[in-house]
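The values are calculated or read from the model by the stated rules, or taken from the named source; none is laboratory data. Note that the structure is predicted; figures quoted are calculated from it, not measured. Cβ atoms come from the backbone with ideal geometry, glycine included; neighbour counts cover every protein chain shown.
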Amino acid sequence: MIWHHCDHVAQVRTQRGSRVALLHLDAARPVVLEGTAAAIWDLIDGRRAQAGVIAELEASFEDAAGRLGAQVESFLISLEAQRLIEPARTTN
């Protein structure tokens with residue numbers, strides 16, 4: 001699956017980029033991402049497959065328990081449910 005940021009999402013990030021606040025324009029509350037969550041947001045670019053996002057995170061963060069892939073998948077589903085990301089349309 002390839003994801004991209006929804007068009008109706010505004011974002012504000014800290015100067016160092018370690019925190020990002022997201023607001024779907026139809027939502028009442030913002031979502032604030034920090035650390036790994038903000039890193040995942042940055043990796044969602046409409047070109048990189050979900051497996052590529054996980055691989056990049058595994059290269060950057062320790063995953064001794066081997067649960068990173070499942071946690072990333074769950075997080076992406078949560079972002080989709082909040083209408084912050086959606087599947088990218090692929091052209092054949």
**OP:** Go through segment 15-45 and give me each residue that's within 12 Å of the chain's Cα centre (by Cα), in contact (Cβ under 8 Å) with a residue 24 or more places away in the chain and in a loop (DSSP other than H, G, I, E, B).
**Re:** Ile44, Asp45
Subject >> Candidates Leu68, Leu33, Leu57, Leu43, filtered to the one that is modelled with pLDDT of 90 or more and touching a strand residue (DSSP E or B) at 6+ places or on another chain (Cβ under 7 Å) >> reply: Leu33
Original post:
When you look at Arg48, is it within 21 Å of Glu86 (Cβ to Cβ), among the charged types (D, E, K, R), surrounded by 15 or more Cβ atoms within 10 Å (Cβ to Cβ) and touching a residue at least 12 places away in the same chain (Cβ under 8 Å), yes or no?
Top reply: yes
